[in-house]
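Structure first, then comments.
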Amino acid sequence: MKTIKCLVTAGPTREHFDPVRFISNPSSGKMGWNIANAAKAKGWDVTLVLGPSSLPDLEGGKTVRVVSAEDMLAACEKFFPDTDILIMSAAVSDVRPKAYSAQKTKKDKIDFNPQLEPTPDILKTLSLKKKSQILVGFAAETQNVMRYAEEKMKSKNLDAIVANTVGSDGAGFASDDNKIDLILKSGEIVDFHKATKSRLAASLIDFISVKFFGGR
Ligand code: PMT
């Protein structure tokens with residue numbers, strides 16, 4: 001039987017002003033790294049595209065380390081055509097500086113009103129190239145979590161989205177625990193409750209395997 005090919009993204013991206021200053025977020029990469037390991041444990045062929053993170057490479061899989069949203073897009077575009085499922089758990093920075101200085105900017109020359117621009121939307125870009133791939137996104141929200149997640153699923157043309165409640169005690173960014181619901185395009189909702197990221201990753205992969213790949 002054909003092995004399922006899975007592309008997972010994890011971690012933050014860094015959008016640099018200069019070599020030592022950047023825009024980013026507190027993502028540690030743990031959620032996506034655990035998903036990649038759970039997919040590996042299922043016997044899938046896994047490629048992990050990992051933003052700046054102290055986590056080790058995936059054992060028995062491929063790890064591609066990237067820095068910016070642009071790098072992450074390029075890595076995903078490379079593997080996407082030969083992928084059965086993309087799980088996009090990375091916290092991609094939504095904005096980046098318009099200008100980049102190759103040398104560290106001296107303190108008295110810092111622009112306190114820098115021009116920003118949007119980063120490329122990786123999921124949206126790949127959804128336009130979608131053939132038979134399953135696309136699963138994430139949405140980290142502090143309020144109206146289910147509504148905002150559903151809106152993101154529709155606007156990015158996804159098959160499913162993980163609604164991630166963040167900002168509550170000990171869950172979300174950088175924590176070992178998380179609180180997630182999975183929303184499917186059909187409207188089905190699965191509440192995975194609060195648990196460790198490792199446990200949630202295993203449950204999520206089990207569910208996805210049955211739902212989209214007949215339990216493989
Ligand atoms: O890494 P950890 O510390 O373990 O934390 C895990 C997490 C909280 C980062 C993770 O579980 C999570 O929720 N990731 C999504 C973060 C988020 O807020 O995504 P978003 O709502 O900005 O984006 C929605 C979806 O579009 C995401 O799948 C994102 O990867 C994707 N996206 C976003 C921006 C962009 N330019 N391109 C994208 O593809």
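Read-outs throughout are calculated quantities, based only on the coordinates presented, and are distinct from any laboratory measurement. Being a predicted model, the structure only gives us computed values, none of them experimental. Virtual Cβ from ideal backbone geometry, glycine too; neighbours counted across all protein chains shown.
Give the relative contact order (percent, whole number) for the stretch 1-158; include only Cα pairs under 8 Å separated by 6+ residues. Result for the stretch 1-158 is 26 percent.
Other residues with beta-carbon under 11 Å from the beta-carbon of residue 13 carry, at +1 per Lys or Arg and -1 per Asp or Glu, a net charge of -2. Calculated mean residue ellipticity at 222 nm for the chain: -8000 deg cm²/dmol, from DSSP H runs with n ≥ 4 weighted as -39500 (n - 2.57), summed, divided by the residue count and rounded to 500. Taking every DSSP bridge with both residues inside the chain, close to 40 percent are antiparallel. By DSSP, the beta bridges lying fully in the stretch 15-124 are antiparallel in about 60 percent of cases.
Seen against the Cα atoms of the chain and their longest principal axis, helix 30-41 is set at about 40 degrees.
Helix 145-155 and the longest principal axis of the C-alpha atoms of the chain enclose an angle of approximately 90°.
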